[in-house]
């Protein structure tokens with residue numbers, strides 16, 4: 001599925017997840033900025049970006065900083 | 001002996017209800033999002049409203065089924081009871097097989113048998129909860145998708161309660177553990193969140209215990225079917 005990238009929606013979602021996981025707000029802000037930078041870089045190198053691509057890029061980037069954060073982002077829709 | 005049999009059947013039925021995955025999954029997601037958006041006090045209030053919703057719907061459901069069972073027992077007596085026992089046994093055997101093959105979807109998560117569109121709707125609802133009335137309603141509706149697996153159990157529990165005639169009205173007090181049972185996994189989850197665990201830890205343990213849950217539920221359905229057909233048939 002083709003995805004329109006909206007930085008604010010992703011940022012909002014990641015902020016909620018980070019707070020839900022009790023990640024300190026400063027660290028969370030840092031992680032989220034790094035993730036969004038990686039997403040922007042990926043967008044520039046591609047003509048289309050699917051939902052799956054976006055999820056994979058974000059998960060891969062989050063995995064570098066916090067495994068719980070990455071796990072929840074990846075598995076959120078696999079809980080129920 | 002009859003009372004002991006009834007209590008055993010009720011205990012096994014309640015054990016299966018405790019092992020259900022949908023409602024705790026909804027609650028865990030709900031608590032995670034509330035914790036991410038609101039203060040600790042508001043999160044606690046919303047979580048309590050959710051549990052109260054589950055408690056209320058369990059109470060209503062059990063009272064409805066109990067009154068229906070009383071009417072059934074009064075007007076149809078023995079002949080229909082035999083049909084009821086055979087039908088229930090067949091249903092339990094079907095559920096034992098369904099639990100093994102259909103309760104969980106294939107994959108590395110804990111995706112359940114419900115349609116993906118329904119799951120998405122629940123997720124959207126969870127994300128947009130703002131006040132206690134929303135949380136209460138979510139608690140009420142979160143019992144519905146699992147009724148396919150739990151409704152026969154509620155019916156069996158009520159049927160066994162009505163059989164314990166010599167304990168009446170004390171038998172009615174058996175309703176209390178039956179009403180509390182669906183809320184037990186939620187209270188445990190709430191305690192785990194309060195003890196510092198997060199959704200990632202909880203989901204990992206749910207995935208880890210998936211096979212165990214599947215086997216225990218299926219065996220419990222089988223045991224229940226055997227008990228009912230051998231002792232009530």
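The values are calculated or read from the model by the stated rules, or taken from the named source; none is laboratory data. These numbers come from a predicted model, not from an experiment. A quick note on method: Cβ atoms are made from the backbone with ideal geometry, for glycine too, and the neighbour counts reach across all protein chains shown.
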Next on the checklist: Cβ-Cβ distance below 9 Å, separation of 6 or more or different chains: which pairs start in the range A:7-29 with a residue that is within 7 Å of chain B (Cβ to nearest Cβ) and closer than 15 Å to residue A:67 by Cβ and end on one that is surrounded by fewer than 16 Cβ atoms within 10 Å (Cβ to Cβ) and modelled with pLDDT under 95?
Outcome noted: A:22/B:196
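Is at least one residue of the range B:34-51 in a helix (DSSP H, G or I) and under 20 Å from residue B:151 (Cα atoms)?
Kept after step one, since they are in a helix (DSSP H, G or I), are these residues of the range B:34-51: B:34-37, B:40-51.
Okay, now just the ones that are also under 20 Å from residue B:151 (Cα atoms), so B:51.
Yes.
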Checklist entry - Say we look at the range B:191-222 and pick out the residues that are within 14 Å of chain A (Cβ to nearest Cβ) and in contact (Cβ under 8 Å) with a residue 60 or more places away in the chain; which of these is nearest to residue B:55 (Cα to Cα)? => result B:193
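Would you be able to say whether some residue in the range B:172-185 is farther than 20 Å from residue B:70 by Cα, within 17 Å of the chain's Cα centre (by Cα), more than 14 Å from chain A (Cβ to nearest Cβ) and surrounded by fewer than 16 Cβ atoms within 10 Å (Cβ to Cβ)?
To start, the set of residues in the range B:172-185 that are farther than 20 Å from residue B:70 by Cα comprises B:180-185.
Retained after the next criterion (residues that are within 17 Å of the chain's Cα centre (by Cα)): B:180-185.
Now restrict to residues that are more than 14 Å from chain A (Cβ to nearest Cβ): B:180-184.
Subsequent filtering for residues that are surrounded by fewer than 16 Cβ atoms within 10 Å (Cβ to Cβ) retains B:180, B:184.
Within the range B:172-185, one or more residues are farther than 20 Å from residue B:70 by Cα, within 17 Å of the chain's Cα centre (by Cα), more than 14 Å from chain A (Cβ to nearest Cβ) and surrounded by fewer than 16 Cβ atoms within 10 Å (Cβ to Cβ).
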Checklist entry - Only one of (1) over 18 Å from the mean Cα position of the chain (by Cα); (2) more than 14 Å from chain A (Cβ to nearest Cβ); (3) buried (at least 20 other Cβ atoms within 10 Å of the Cβ) is not met by residue B:90, so which one is it? => result (3)
Checklist outcome for this item: Restricted to the range B:97-117 and to residues being in contact (Cβ under 8 Å) with a residue 24 or more places away in the chain, surrounded by 13 or more Cβ atoms within 10 Å (Cβ to Cβ) and facing another protein chain (nearest Cβ under 9 Å), the residue farthest from residue B:213 (Cα to Cα) is B:114
